[in-house]
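Heads up, the thing below is written out as structure tokens.
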Amino acid sequence: MDRTHSREVILSLSCQDTIGIVHAVSGFLVSHGCNILASQQFDDASENRFFMRVHAAYPATVSISHLKTAFQATADTYGMSWTMVDTADRPRVALMVSKAEHCLNDLLFRWRSGQLKVDFPFVVSNHQTLQPVAEANGIPFFHIPVTPETKPAAEEKLLSLIAEHQVDLTVLARYMQVLSDDLCRELAGKAINIHHSFLPGFKGAKPYHQAFDRGVKLVGATAHYVTAELDEGPIIEQEVLRVRHDYSPAQLAVTGQDAERLALSRAVQWHTEQRVLLNGHRTVVFN
């Protein structure tokens, strides 16, 4: 296939493991003029589940909508959960922040440099602290204050923004508010949060002071999908960095922020590249 006259597609799927899935998928792609560029698969023997991600080139004369419609028969045969996206389509990612800017700055840097191939339709925050950062990058900023009394209305406004801007993924880049159970269910599988430390350690206020008091030698961060169970959603990525015995709480915090931004940026990139598939309370990540 002449790749100068083709487009590229990512097909990700999961289903009960059985004979013939790879043959059916590859046969479908070949029959529609597609050239498989890369393919990864995983058999979860404990759950009898099969997972697959295929990167293929398809002819410019074939539309992605046609491929999706045609693939439905194969998906139905095997009871697949699946997605198919054109790699030229840039996912729309909403960013939620409070006052800390390290995760926001890291994502914006990777976006500006072309490492993160997404669009940021807006940044939303319960504070106005980071409005200059968003506006300096040409991204609309929305200030939605949150109090116990206004929380339902604030979340309704957030959902309206997500719908209006056709958001594909919402990223809590150190957004320091607990989302309601209803909002978590609404964003299930479409929202990523970053948590200091390996879950469930050092929850609550001043986590790095807690780490200092316990004399930790490693600090880490966990990027996970948002669920109603606070900070216990399916884990996408974790990062760990070594610290010395003489680190102050402030030095631990700086190191922890490095871990947070690294774990979050990887999770966002992998999700938007269709590399993450949910497997119950766990994930399969094709790197």
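Only the coordinates and a few stated rules stand behind these numbers; no lab work does. Model, not experiment: these values are computed from the prediction. Ideal geometry is used to build each Cβ from the backbone, glycine not excepted, and the neighbour counts take in all protein chains shown.
How large is ³J(HN,Hα) for each residue in the stretch 133-140, as worked out from phi by the Karplus curve 6.51 cos²θ - 1.76 cosθ + 1.60 (θ = phi - 60°), to whole Hz, x for Gly and Pro?
So the Karplus estimates, Gly and Pro as x, are 5, 4, 5, 5, 9, x, 10, x Hz.
Tell me, what HN-Hα J-couplings in whole Hz come from the Karplus equation 6.51 cos²θ - 1.76 cosθ + 1.60 at θ = phi - 60° for each residue of the stretch 118-124, using x for Gly and Pro?
Ordered by residue, 3J(HN,Hα) equals 9, 10, 9, x, 6, 10, 10 Hz.
Suppose each label sits 7 Å from its Cα in the direction of the beta carbon; what would the Lys206-His32 distance come out to in nanometres?
Each label point lies 7 Å from its Cα, and together they span 5.7 nm.
Just the Cα atoms of the chain, one point each, no solvent: what log10 I(q)/I(0) does Debye give at q = 0.13 Å⁻¹?
Taking Cα atoms of the chain as identical point scatterers yields -0.97.
Using only the Cα atoms, what convex hull volume per residue in Å³ does the stretch 1-160 have? List each step's numbers first, then the result.
Numbers: hull volume 28.7 nm³, N = 160.
Normalising the Cα hull of the stretch 1-160 by residue number yields 179 Å³.
Return, ordered by residue number, the residues of the stretch 250-287 whose backbone nitrogen is under 11 Å from a label point located 7 Å along Cα→Cβ of Gln40.
Answer for this model: 270-271, 273-277, 284-287.
Tell me, what is the FRET efficiency for Thr147 and Phe109 to the nearest 0.05, using R0 = 51 angstrom and their Cβ-Cβ distance as r? It would help to have the intermediate numbers written out before the result.
Numbers: r = 33 Å, r/R0 = 0.64.
With a Förster radius of 51 Å, E is 0.95.
What distance in nm separates the simple spin-label points at Glu229 and Asn48, each placed 7 Å from Cα in the Cβ direction?
Computed distance between label sites Glu229 and Asn48 equals 2.4 nm.
Asp181 to Asp119: extension gain in nm, 0.36 nm per residue of separation minus the Cα-Cα distance? Walk me through the numbers before you get to the answer.
Working: separation 62, 0.36 × 62 = 22.32 nm, distance 2.72 nm.
The span from Asp181 to Asp119 would gain 19.6 nm if fully extended.
For the stretch 69-86, take each phi angle, set θ = phi - 60°, evaluate the Karplus expression 6.51 cos²θ - 1.76 cosθ + 1.60, and give the result in whole Hz per residue in order, putting x for glycine and proline.
Calculated HN-Hα couplings, in order: 4, 5, 6, 4, 5, 5, 4, 5, 4, 9, x, 7, 9, 8, 9, 9, 10, 7 Hz.
Using a Gaussian network model on the chain with a 10 Å cutoff between Cα atoms, which of Gly189, Gly27, Gly256 fluctuates the most?
Gly27
Could you give the length gained on full extension between Gln251 and Ala188, defined as 0.36 nm per residue of separation minus the Cα-Cα distance, in nm? It would help to have the intermediate numbers written out before the result.
Numbers: separation 63, 0.36 × 63 = 22.68 nm, distance 3.45 nm.
Here the segment from Gln251 to Ala188 would lengthen by 19.2 nm.
I'd like the distance between the alpha-carbon centres of the stretch 219-287 and the stretch 63-80, rounded to an integer number of Å.
33
Rounded, prolate or oblate: which one fits the stretch 165-244, using the alpha carbon gyration tensor with axes a ≥ b ≥ c (rounded when a/c is under 1.5, else prolate when a/b beats b/c, else oblate)?
Numbers: a/c = 2.67, a/b = 2.05, b/c = 1.30.
Prolate, because a/c is 1.5 or more and a/b exceeds b/c.
Determine the gain in length on full extension of the stretch Thr83-Asp213; use 0.36 nm per residue of separation and subtract their C-alpha separation, reporting nm with one decimal. Kindly include the intermediate steps, with their values, before the conclusion.
Details: separation 130, 0.36 × 130 = 46.80 nm, distance 4.59 nm.
Value of the extension gain: 42.2 nm.
What Kirkwood hydrodynamic radius, in Å, does the stretch 3-86 give when the mean of 1/r is taken over all pairs of distinct Cα atoms and then inverted?
Values: mean 1/r = 0.0770 Å⁻¹.
Averaging 1/r across every pair of different Cα atoms and inverting gives 13.0 Å.
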